[in-house]
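Some notes on the structure that comes next.
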Amino acid sequence: MSSVQPYHVENAITERTAAALYVVSHHTVQYGMLPLTEFARICHAHDIPVIVDAASEYDLRRFLSEGADIVVYSGHKFLSGPTSGIVAGRRDLVRAAYLQNRGIGRAMKVGKETIAGVIAALEAWERRDGDAVRARERAALQLWSDALAGLPGIQAQIVPDPTDNPLDRLEIRVGTGSGHTAEGLAKILAANDPPIIVRGHEASRGHFYLDPCNLHDGEAEIVANALNAVLRGQAG
């Protein structure tokens, strides 16, 4: 197992280095990383600003407090707002990003409606009842876990978010006894009516994830019924 050492970062910085990028995502490897505080300390010693890609992270303050100069969030993932991005941090660097409206970023400029939508999403996030949301998500995960219980070749377990967001997912391991592969089962679910899109970025390794985030009323049951129809031969 390899890991990043402080000297790796030190040696990567040259006179041509404009900034350093630190990625926080459950889609990336979460072991062997330098803590952000250490990463930022090294970069700041060389007057290099640190950009954190925190696209789907819940915490809107943590990364700035740990040394990031700029943090970039998605406006539509965990916030459930319109397609957009949020750039937070040092005023001069935020301004530099804004100036790209006159350059290469012009084609991706958001409209006034999108800006209003993101502001509304941020305000709704501030009022969010996190405990109630967690309870609904746990109920959905348990419903799906129960739907898969006892099936040959299928192992399901509730696992925490690897980047410490306050949410869990259902990891579904698909063995040969199930009559399916993980990739094949993901495709069947995607072809369902309505489609059920799993987190299949690790399906080639024999497992995928069901994510309870942003479910509307009744959708957890739709997923459970589809699992039953495919794996138990039940008609919804």
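A short reminder: the numbers here are calculations on the coordinates, not readings from a lab. Values in this document were obtained by computation on a predicted structure and should not be read as measured data. A quick note on method: Cβ atoms are made from the backbone with ideal geometry, for glycine too, and the neighbour counts reach across all protein chains shown.
Overview of values
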{"read-out": "Å³ per residue enclosed by the Cα convex hull of the stretch 20-156", "value": "167 Å³"}
{"read-out": "C-alpha long axis of helix 36-45 to longest principal axis of the chain, angle in °", "value": "20 degrees"}
{"read-out": "Net +/- balance of residues flanking LEU141 in space, Cβ distance below 15 Å, scoring K and R +1, D and E -1", "value": "-3"}
{"read-out": "Signed unit charges on C-beta, dipole axis of the chain, positive-most listed residue VAL50, GLY233, GLY111", "value": "GLY111"}
{"read-out": "Nearest-ten-degree value, helix 130-148 long axis tilted from longest Cα axis of the chain", "value": "40 degrees"}
{"read-out": "Two-site label geometry, THR181 and GLU202: point separation in nm, points 7 Å out along Cα→Cβ", "value": "1.9 nm"}
{"read-out": "Rel. contact order, % - alpha carbon contacts under 8 angstrom, at least six apart, the chain", "value": "13 percent"}
{"read-out": "Full-stretch length increase - ILE115, HIS8 - with 0.36 nm per residue and alpha-carbon distance subtracted", "value": "34.6 nm"}
{"read-out": "Within the chain, helix-based [θ] at 222 nm, where runs of 4 or more DSSP H residues each add -39,500 (n - 2.57), nearest 500", "value": "-11000 deg cm²/dmol"}
{"read-out": "Reachable lysines, given that their alpha-carbon falls under 22 Å from the alpha-carbon of LYS77 and they are not under 8 places away in the same chain", "value": "LYS109, LYS112"}
{"read-out": "Contact order normalised by residue count of the stretch 157-236, Cα under 8 Å, 6+ apart, percent", "value": "24 percent"}
{"read-out": "Net charge contributed by nearby residues that have their C-beta within less than 15 Å of PHE63 (K/R +1, D/E -1)", "value": "-3"}
{"read-out": "Normalised per residue, the volume of the convex hull around the Cα set of the stretch 110-236 (Å³)", "value": "135 Å³"}
{"read-out": "Summed residue charge, Cβ within 15 Å of LEU185's Cβ, Lys/Arg positive, Asp/Glu negative", "value": "+2"}
{"read-out": "Using a Förster distance of 35 Å, the FRET efficiency for ASN214-GLU15 (Cβ separation, nearest 0.05)", "value": "0.20"}
{"read-out": "Pairwise Cα inverse-distance average, inverted: Kirkwood Rh of the chain (Å)", "value": "20.4 Å"}
{"read-out": "Estimated FRET transfer efficiency (ASN165, THR37; beta-carbon r; R0 22 Å; 0.05)", "value": "0.70"}
{"read-out": "Neighbour count of at most 16 Cβ within 10 Å plus DSSP loop: longest trypsin sites (Lys or Arg not before Pro)-free window in the chain", "value": "129-231"}
